[in-house]
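Written out below as structure tokens is the structure these notes cover.
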Amino acid sequence: MNHGKNHSYAPLAGYLFISPWLIGFAILTVWPMIQSLYYSFTDFSLLSPPRWIGMQNFKEISEDRFFYNSLKVTFTFVITSVPARLVFALFVAMLLNQKIRGIGLYRTIIYLPSLIGGSVAVAVLWKNIFGMTGFINHITALFGIAPKNWIGTPGTALGTLVTLSVWQFGSAMIIFLAGLKQIPGELYEASSVDGAGKLRQFFTVTLPMLSPVIFFNLIMGLINSFQSFTAAFVITGGGPLNSTEMYALYLYEKAFAALHMGYASALAWILLAIVAVATAINFLVSKYWVFYENDTGGNR
Amino acid sequence: MKSLTASKFVAHVILLLFSAIMFYPVLWWIGASFKSNPELSLPTLFPHKFQWNNYSDGWVALPKYTFTYFFLNSIKLTITTTALTVISSSLVAFGFGRLNFPLKKMWFALLLLTIMLPSQVTLIPQYAMFHSFNWINTYLPFIVPSAMGGAFFIFLLIQFIRGIPGELDESAKIDGCTWFGIYWRIILPLMKPALITVMIFSFLWHWEDYFGPLIYLNTVDKFTVPLALRMFIDTQSAVSWGQVLAMSLLSVIPQMLLFFAAQRYFVEGIATTGLKG
């Protein structure tokens, strides 16, 4: 192995190979991050050069009720859609993890919405089926519920976006399925010898063994959900009464409709801070519930 | 043994139910795309009489440009960016996966961090930069970044390259093969399944990308299919939903075809790297 390492020591070739990414990283990530941090302390409209205004943007944001509204909307969306998606994904993955016929077909059908779910086309579909004459009202009519405009009502509009997001649990499901296949069958055999039922096995074997995968899905789900944009933009446009104005949507409006690019940059850094803190908290808490292979021995 | 079959039966019932719920909106979508406007408010899945002209009329419903034009725009752009993404990502992945160089660990950690970075933080300066290059309303804001590799894809390919035994390239090295030769002649052919996975996901994401075109493209002649769809709803006072749904359905057909043609790469790709939640 050491021999191989020496052979592969090639500083020039190494940097040459990674240079596309390295250049992109410098020009499209690092430099823009520095700039947007600077912009966040300026008044900047793109048409004229940025003008330094110190903490003014952040002070205004702290008094901006639309900012607080978008935070509330985004947190509600994240806290409802991320866990729901994980629960569905895990539940279906466990069903599919048996030796049953037609697993490929089930997997295909259940994955299909996730394949196309992010597209404008599906947003258009959603706008229609949750509309006044959409098919959701036909279904609720079966239960004697009066038809309503789900998208046009502040109380239910966000729910339609959550539903759309949960409908796309397919990727998380496939990751769970791969994780479930990694769990050695002996663990289940040993625990059933100990007299554990299906339910206890789920809590004592499946969940701990799968916890790194759950953690991964949770983190990626959180990061993506905080940045959710297209569905809200196309289906509800942030309305009615700003009830679906997600953070990314509000930022977009500030930057590209109002051309308050300094203000929007400040919003972007606040979003980064929120996502970083949420991720960090999850990493800290993960110590208490995520088990990696090498410490499974000490867990019994 | 008996309880096993019973549990399988229950699993089938639940899975069928789930599949039905998951698939019902798509089925309704297909039916609705053939409906006339009055029929759309009926609870039936399929119309009495199929309105094939939803497709033919919808295709030419927008002024000046037909959907042929928007599809061609999307295809041209997506193929270019996908090809560049695959080439650049594989080069970078080879560097990280096979070569040793100073600070490699640090760069790799930064690569992983960029996957988690919310794009909003770089959005405005990138826009300002492309604006100053006069790249607004061109395809360059999509093409140039794609030539610099996607962090996600690079990570996926590195994972794959690490699984390829090193003896092959070592003996090639002893035979005097250059690093590029090893990349080109040994690793690249062996990487084919992973490259196909990258190609598929890159195609899908570029195809459905809405935010990028929304901010960078502002004249109709540059519009991609997602933007055209949005315009389709916006420009009509009374939306002819049948036509809109028909065009929307057509817009996801390339994605579906790709999915059915390369299903196993999908499942492997998602499972090995945990792509996008």
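Brief remarks follow.
- Calculation over all alpha carbon pairs of the protein assembly as shown in 20 angstrom steps from 0 returns a P(r) of 18, 52, 28, 2 percent.
- Entry comment: accessible area of the stretch B:2-56 is 58 Å² per residue, from protein heavy atoms only and a probe of 1.4 Å.
- Net charge of neighbours whose Cβ lies under 15 Å from the Cβ of B:LYS35, counting Lys and Arg as +1 and Asp and Glu as -1: -1
- Here the Debye sum runs over all C-alpha atoms of chain A as equal scatterers in vacuum, and log10 of I(q)/I(0) at q = 0.07 Å⁻¹ comes out as -0.40.
- Placed amide H near A:ASP43: partners under 5 Å, 5+ positions off or other chain: A:ARG51, A:TRP52, A:ILE53
- Compactness of the stretch B:1-115 is given as radius of gyration and Dmax, 25.4, 69 Å, from Cα positions.
- Zero-based 5 Å bins, Cα pair distances in the stretch B:36-193, whole percents: 2, 7, 11, 12, 13, 11, 9, 8, 8, 8, 5, 3, 2, 1, 0
- Applying the Karplus relation 6.51 cos²θ - 1.76 cosθ + 1.60 with θ = phi - 60° to the stretch A:227-236 yields 3J(HN,Hα) values of 9, 3, 9, 4, 4, 5, 5, 7, 6, 10 Hz, where x marks Gly and Pro.
- Positive-pole candidate from A:LEU115, A:LEU284, A:PHE202, dipole of chain A, charges at beta carbon: A:PHE202
- Using alpha carbons only: equivalent-ellipsoid semi-axes of the stretch A:154-237, gyration tensor based, whole Å: 36, 13, 9
- GNM result for chain A, Cα springs below 10 Å: residue of A:TYR15, A:TYR288, A:TYR111 fluctuating most strongly: A:TYR15
- Spatially proximal lysines relative to B:LYS49 (Cα-Cα < 25 Å; intrachain offsets below 8 disregarded): A:LYS127, B:LYS35
- Legend: mean number of C-beta atoms from other chains within 10 angstrom of residue C-beta atoms, peptide B:22-30, equals 6.
- Chain B pair-distance distribution - Cα-Cα, 10 Å bins, rounded %: 6, 21, 26, 23, 15, 8, 2, 0
- Taking a straight line from the alpha carbon of A:LYS99, these lysines sit under 17 Å away, with near neighbours fewer than eight places off in the same chain left out: A:LYS181, A:LYS198, B:LYS2, B:LYS8.
- Between the amide H of B:ASN100 and those of A:TYR9, A:ALA10, distances stay under 5 Å, these residues lying 5 or more places away or on another chain, with hydrogens modeled in the peptide plane.
- Computed from phi, the 3J(HN,Hα) profile of the stretch B:60-76 under the Karplus parametrisation 6.51, -1.76, 1.60 (θ = phi - 60°) reads 10, 6, 7, x, 6, 10, 8, 5, 3, 5, 5, 5, 4, 4, 4, 5, 4 Hz, with x in place of Gly and Pro.
- Per-residue average of Cβ from other chains inside 10 Å of A:262-269: 3
- Hull-based mean projected area of the stretch A:121-186, where the convex hull spans the alpha carbons, in square nanometres: 6.7
- Phi to ³J(HN,Hα) by Karplus 6.51 cos²θ - 1.76 cosθ + 1.60 over the stretch A:30-44, Hz, x for Gly, Pro: 5, 4, x, 5, 4, 4, 5, 5, 5, 4, 5, 9, 10, 9, 9
- The stretch A:1-90: equivalent-ellipsoid semi-axes (sqrt of 5 x gyration tensor eigenvalues, Cα, Å): 41, 29, 10
The values are calculated or read from the model by the stated rules, or taken from the named source; none is laboratory data. Remember, predicted model here, so these are calculated numbers, not experimental data. Heads up, the Cβs are rebuilt from the backbone with ideal geometry, glycines too, and the neighbour counts pull from every protein chain shown. Just so you know, the surface numbers come from the protein's heavy atoms only, side chains and all, with ligands and any DNA or RNA stripped out. Shrake-Rupley method; radii C 1.70, N 1.55, O 1.52, S 1.80 Å.
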